[in-house]
Amino acid sequence: MHTLRFFFLFLFFSISKSLTAQNDEQPLNIIVIFADDLGYGDLSSFGHPTIQTPNLDQMVVEGQKWTQFYVGASVCTPSRAALLTGRLPVRSGMSSDNYRVLFPDSHHGLPSNEITLAEQLKKANYTTACIGKWHLGHQKEYLPLQHGFDYYFGIPYSNDMDAPQSVLEEKGGYWGLITDPKNNQIENFQVPLIHNNTVIERPANQHTITRRYSEETIRFIKNNKDQPFFIYLAHNLPHVPLFASKEALGKSARGLYGDVVEEIDQGIGTILKALKEEGLDKNTLVVFTSDNGPWTVFKEQGGSAGPLFAGKGTTWEGGMRVPTVFWAPGKIAPGIVNQIGSTLDLFHTFSTIAGVPLPKDRTLDSHDLGPLLFEKQKASRDHFLYYRGTQLYAARLGAYKAHFITQGEYGQFGDKKTHDPPLLYNLNHDPSEQFNIAETHPEVLKNIESLVTEHKKNMVPGPDQLKDRGVK
Ligand code: MG
């Protein structure tokens, strides 16, 4: 009898310990660092031969490097909506066939009935900050403070926007302005810098913006160290036009693009140092990733997808597979993970960490990565769906990816083409998507088609939030 009681007590403590494996005293603090247009091949730990990212490389050594990690869309606005809601952006209407992203004259943004990560974590008393690029609606009703964030400091959309008409006329339009690095002057891009709900600087000084985002993050950590916090640090760079501080300029063997990436990495070093100084490094999860693949049309000003084909704007691997690191020393077992994961999964994963139930009144596209992060068990995600606008272009199941439609972007990688039968690649054997094996693998195509049929049964696209633009 006594032995039995001891056994049940032991069982009880084992279960409660595993449920709270990541919650020693209070839930883990969470920092998501999101680069803009950084390619799969742009970090030294992901194979770049000349860009030096020692701080991210150290995170890779101490944490988990994910080699098959995807974003929910291959351009800024829908990719951010996916990360913050755990839902394919087509469901929230943040993915459109009219425009690919929001612009300074767009009327709408992320609908208020969407539940963001910030709102979700606030249910567990996290204090929340958005620092950096928002791009989910710049009208006041759509800004971060109206979406669950306690604090905002950043540029509300892309750093290539708001060029004055006179500048556009003089430089030969947007493409003339943006393709020549000599035009990288802050006055040519009249983007606002917003503090909470108020514009505090215009044009934002983009030379110092990366450093200021890192400093704001450290300030927020120090001011909120006594309660759990969630920081969403979304850098505006290395999206073109490229800007670096004078301390970073000319330092990288990769040129200006390298200077920009290395300055982001240097800022990450200062953030990790601050966590250590405050004694928070053993209770903070830091996730680093990028919002989409490299903007290759800008040649030396754009990044590299490494071994992956194509880049930003496409549903090829180079557009949607991004370099990703999870870091939480003492909590996460270090290693290289080549299972499938996605920014869509952060919603479920962080909800579990914080002990907040998932919303039941909507469809989520989010899987819990916790078992793989904290217990080295198998991940729950075995597939990924590649949308462009409101259309499903490709689907991955296990090692295999079928393309139903392919389409390049920005004048690269080919015109829109429908494939019947679909193109089929084994991504484990052929990450560059070079060898179509559809003909010899009909059973694989059948399985992927069943996955898609099942998925479509439960797909209700939200009203298009990107389509309305211009003077109201
Ligand atoms: Mg982007």
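The values are calculated or read from the model by the stated rules, or taken from the named source; none is laboratory data. Since the structure is predicted, the reported quantities are computational estimates derived from the model, not experimental observations. Reconstructed Cβ throughout: ideal geometry from the backbone, glycine too, with neighbour counts over all protein chains shown. Surface accessibility is based on the protein's heavy atoms, side chains included, excluding ligands, DNA and RNA. Shrake-Rupley method; radii C 1.70, N 1.55, O 1.52, S 1.80 Å.
So, in segment 348-363, exactly how many residues are open to solvent by less than 10 Å² (accessible area, probe 1.4 Å) and in contact with an Asp or Glu (Cβ under 9 Å, 6 or more places away or on another chain)?
To start, the set of residues in segment 348-363 that are open to solvent by less than 10 Å² (accessible area, probe 1.4 Å) comprises 349-351, 353.
Adding the requirement that they be in contact with an Asp or Glu (Cβ under 9 Å, 6 or more places away or on another chain) leaves 349, 351.
Total meeting the criteria: 2.
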Where ASN338 falls short, out of the listed (1) within 14 Å of ARG396 (Cβ to Cβ); (2) buried (at least 21 other Cβ atoms within 10 Å of the Cβ):
(2)
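For segment 189-196, does any single residue satisfy the condition of being open to solvent by 20 Å² or more (accessible area, probe 1.4 Å) and assigned to a helix (DSSP H, G or I)? Talk me through it step by step, then tell me what you get.
Restricting attention to segment 189-196, the residues satisfying the condition of being open to solvent by 20 Å² or more (accessible area, probe 1.4 Å) are 190, 195-196.
Within this subset, residues satisfying the condition of being assigned to a helix (DSSP H, G or I) are none.
Scanning segment 189-196, I find no residue that is open to solvent by 20 Å² or more (accessible area, probe 1.4 Å) and assigned to a helix (DSSP H, G or I), so the answer is no.
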Evaluation of GLU375 against (1) open to solvent by less than 40 Å² (accessible area, probe 1.4 Å); (2) in the same structural domain as THR85 (by TED's automatic domain parsing) (one fails), failing number
(1)
Among the numbered criteria (1) part of a loop (DSSP other than H, G, I, E, B); (2) polar (S, T, N, Q); (3) open to solvent by less than 80 Å² (accessible area, probe 1.4 Å), which single criterion is violated by ASN428?
(3)
Do we find that SER380 is at pLDDT below 95 and open to solvent by 20 Å² or more (accessible area, probe 1.4 Å) in this structure?
yes
So which of LEU285, LEU233 ends up being within 23 Å of TRP327 (Cβ to Cβ) and within 16 Å of the ligand (Cβ to nearest atom)?
LEU233
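When segment 295-311 is examined, which residues are found to be within 12 Å of the ligand (Cβ to nearest atom) and either touching a helix residue (DSSP H, G or I) at 6+ places or on another chain (Cβ under 6 Å) or farther than 18 Å from THR406 by Cα (or both)?
Applying the first criterion (within 12 Å of the ligand (Cβ to nearest atom)) to segment 295-311 yields 295, 302-303, 311.
GLY302, GLY303, GLY311 - these are the residues of segment 295-311 that are within 12 Å of the ligand (Cβ to nearest atom) and either touching a helix residue (DSSP H, G or I) at 6+ places or on another chain (Cβ under 6 Å) or farther than 18 Å from THR406 by Cα (or both).
Could we say that ALA163 is open to solvent by 20 Å² or more (accessible area, probe 1.4 Å), assigned by TED's automatic domain parsing to the domain that holds PRO49, on the phi < 0 side of the Ramachandran plot and at pLDDT 95 or above here?
Values: open to solvent by 20 Å² or more (accessible area, probe 1.4 Å): yes; assigned by TED's automatic domain parsing to the domain that holds PRO49: yes; on the phi < 0 side of the Ramachandran plot: yes; at pLDDT 95 or above: yes.
When the stated conditions are applied, ALA163 passes them.
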Criterion violated by GLU170 - all others in (1) in contact with a helix residue (DSSP H, G or I) (Cβ under 7 Å, 6 or more places away or on another chain); (2) in a helix (DSSP H, G or I); (3) away from the ligand (no atom under 16 Å from the Cβ) satisfied:
(1)
Residue count, segment 45-74 (criterion: over 18 Å from PRO431 (Cβ atoms) and part of a helix (DSSP H, G or I)):
9
Taking the options THR77, THR67, name whichever one is touching a residue at least 40 places away in the same chain (Cβ under 8 Å), surrounded by fewer than 20 Cβ atoms within 10 Å (Cβ to Cβ) and either within 15 Å of the ligand (Cβ to nearest atom) or on the phi < 0 side of the Ramachandran plot (or both).
THR67
Check on GLY47, more than 16 Å from the ligand (Cβ to nearest atom) and modelled with pLDDT of 95 or more
yes
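Mind listing whichever residues of segment 316-332 are in a strand (DSSP E or B) and either outside the structural domain of LEU43 (by TED's automatic domain parsing) or touching a Gly at 6+ places or on another chain (Cβ under 6 Å) (or both)?
Kept after step one, since they are in a strand (DSSP E or B), are these residues of segment 316-332: 321, 324-327.
Result: VAL325, PHE326, TRP327.
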Does ILE353 satisfy being of a type outside the set (Lys, Arg) and under 30 Å from GLY389 (Cβ atoms)?
no
Matching residues in segment 248-294 - criterion: being out of contact with any helix residue (DSSP H, G or I) (no Cβ under 8 Å at 6 or more places or on another chain) and either within 16 Å of THR210 (Cβ to Cβ) or part of a loop (DSSP other than H, G, I, E, B) (or both):
ALA253, GLY258, ASP259, VAL261, GLU262, GLY279, SER290
Residues that are assigned by TED's automatic domain parsing to the domain that holds GLN120, under 24 Å from THR127 (Cβ atoms) and among the small types (Gly, Ala, Ser): does segment 333-348 have at least one?
no
